[in-house]
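The values are calculated or read from the model by the stated rules, or taken from the named source; none is laboratory data. Nothing here was measured: the structure is a model prediction, and the numbers come from that model. Don't worry about glycine lacking a Cβ; one is built from the backbone with ideal geometry, like all the others, and counts go over all protein chains shown. In case anyone asks, the SASA skips ligands and DNA or RNA and just uses the protein heavy atoms, side chains included. Shrake-Rupley method; radii C 1.70, N 1.55, O 1.52, S 1.80 Å.
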Amino acid sequence: MKRLFYLYICLCISISAFADEVSLRVSAPSSVEAGGKFRVQFTVNTQNVSGFSAPDFKGFEVIYGPATSSQSSFQMINGRTSQSSSIIYTYVLLAESPGNYTIGSATVHVDGKAVKSKPVQVRVLAGGAGGGANGGGSYGGNGSNGGNSAYDNGRQPSASAPSSTNISAKDLFMTATASRTTVHEQEAILLTYKIYTLVDLRQLDGKLPTLDGFQIQEIPLPRTKEFDIEQYNGRNYRTVTWSQYLLFPQKSGKLTIPSITYEGVVITRNRNLDPIEAFFNGQSGFAEVKRKITTPTLTINVSPLPNKPEGFSGAVGKFSVSSNISTKEVDANEAVTLKISVKGSGNMKLISTPEVKFPKDFETYDAKVNDNFQLTRSGLSGTKDFEYLFVPRHAGTYEIPAAEFIYFDTESRSYKTLKTEAYTLKVNKGKGGAGQSVSNYSGQQQDVQQLNQDIRFIKTGDVELHQPGDTFFGTWKCWVAYVLPLVLFLLVMVLGRKRMKANANVALSRGKKANKVALRKMKTAKKLLDAHDKDKFYDEVLRALWGYVGDKFNMSQESLNKENIEQSLTSRQVPEEQIRQFMKVLNDCEFARYAPGDVNENMENVYNSAISAISKMEDNL
């Protein structure tokens, strides 16, 4: 009864864990144009669904749906299998009038439990003069820097899109915006380049030039560009953020971000071509037009940092500091580690190492710096750790004072001083002896010297003396030193020539290596047996058997058949019983590839029989 009770509890826990993993996600554009159609999808990550309830699409007209589709995937990696499945409910809606609308929560029922999606906000923009902006799309690029990025979502230019002769700067342009135009030195600035288009833009080339006075960090953006709809100066545009950079000004004054000229390729309708004539002549009604797109110039006013206090770390942003020590009691000449962690957001790469005033009796090493931060739109965020290794030399009680970290706070526009914890270290008298070995931060081993024992006594005891003129040349040791290398050289030459002759005999070399090659293939077959890969297992066993006979008797691939193998074995006086066993293994292996039944047992029998046949054949030959 106890076992049944525990089994019931585990089953309930697994069912509840499965239910917790089920989710219902909704996909919809953030903004659309009045009179435009758009798609809303609800995706549940299981197919065990007993019912679906759609939300109230208030403010929209449902012109299609729900269309239901399902998908499943199964994969095996390193013997572990994983399976996923989902159901997608798709609606096509028509935006009726401008305004901000909310698509409520949809509900699915899984194992008797209701799972709801999150509400989403959709903004409907008034229809502007640029009808070509209606609709969005996903555009594939090769990077956010805009180099050779190709666009093609299969859309044709709308009837109201500008033609090749009247694409103006209001139909296709890029904006350059900075999160701040007045900053202090080292304060992060987010630079954003954004595309606005009413035409069918298919390609865009260009990149940010070298900026004097800035340290630049590019923010990774998705390779696939998802266009959205945005109203700009009373017109609705298709728009996407093309690239973003994080800038850290390195000097004060007025710094200029120059304009960038991009080259775009636009697909336009050829209005001078008769569509009927184009159809019969195999001509296209569309043409590619190249257009230059120039971004505006930006000016950043950079103020110098106020009078820098002594000990300023160079950090600009918002930070906190903490510290810890590996031990507070240690024996003399043992290593101790002090760690200081700086956490926050700002120019973390330029933070200098905090100064720790260790007692004079301590031997110290250069601090090891570990960076653990990532690039965000507000700067570099994360932690920067400083590890100090030191060795106390004498017994006693020592104070390690608090270390100061001074940074410029961008919120209060002032310097702030943070202090670490002060530590009291008790050093016991060591046992003496040889110095310890510690690793420095370059990976090399260094000896911790015993300073009280660095003066050694002059060598005492028996000393071997030599008479003047007593030389090594001419002695028997000298002749041995000459003759021995010559003898070794001749021996290596003789053995090497014999080996070269043996290797030159291809048939002999193949015969000697036949058993090793066959056993190597059988090891591979053993792995396939453990993985229950039937087809590959039998293929590998057959290759081992055929290859063994071919190598042993120097038979070509074309002459390898059962009759020739049996004749070759008979001619070399192999016992009839072993010949029958070897041929039986070949036949059983070929038959088992397609035989039904207990696959694992058949594979095990074939594997053991093949090993036995090859071993007996090798012993006999």
Surface accessible to a 1.4 Å probe, V22 within the full protein complex, Å²:
20 Å²
Based on the mean of other Cβ atoms within 10 Å per residue, sort peptides 379-392, 204-217 so the most packed one is first.
379-392, 204-217
At 1.4 Å probe size, put F38, F52 in order of accessible surface, largest to smallest.
F52, F38
Coarse-grained scattering of the range 300-364 at q = 0.14, 0.16, 0.18, 0.19 Å⁻¹, given as base-10 log I(q)/I(0) from a Debye sum over alpha-carbon atoms:
-0.61, -0.73, -0.85, -0.91
Candidate lysines for bridging to K290, where Cα separation is under 27 Å - those fewer than 8 sequence places away on the same chain excluded
K170, K194, K207, K225
FRET efficiency, R499 to F52 (Cβ-Cβ, R0 51 Å, nearest 0.05):
0.10
FRET efficiency for N620 and E464, using Cβ-Cβ distance with R0 set to 56 Å, rounded to 0.05:
0.30
Whole-Hz Karplus couplings 3J(HN,Hα) for the range 537-551, θ = phi - 60° and coefficients 6.51, -1.76, 1.60, Gly and Pro as x, run 4, 5, 4, 5, 5, 4, 4, 5, 5, 4, x, 4, 5, x, 6
Dipole magnitude of the range 526-598, debye to nearest 20 (Cβ charges: Lys/Arg +1, Asp/Glu -1, about Cα centre)
140 debye
By a straight-distance test (C-alpha under 26 Å), which lysines pair with K429 as possible cross-link partners, with residues fewer than eight away in the same chain excluded?
K328, K339, K357, K360
HN-Hα J couplings of the range 351-357 from phi, Karplus 6.51/-1.76/1.60, θ = phi - 60°, integer Hz, Gly and Pro as x?
6, 7, 6, x, 8, 10, 8
Can you return the lysines within cross-link range of K498? Criterion is Cα-Cα under 19 Å, with same-chain partners fewer than 8 residues away left out.
K512, K513
Applied in sequence order to the range 102-111, the curve 6.51 cos²θ - 1.76 cosθ + 1.60 (Karplus, θ = phi - 60°) yields integer Hz couplings, x standing for Gly and Pro, of 10, 8, x, 7, 8, 9, 10, 10, 10, 6
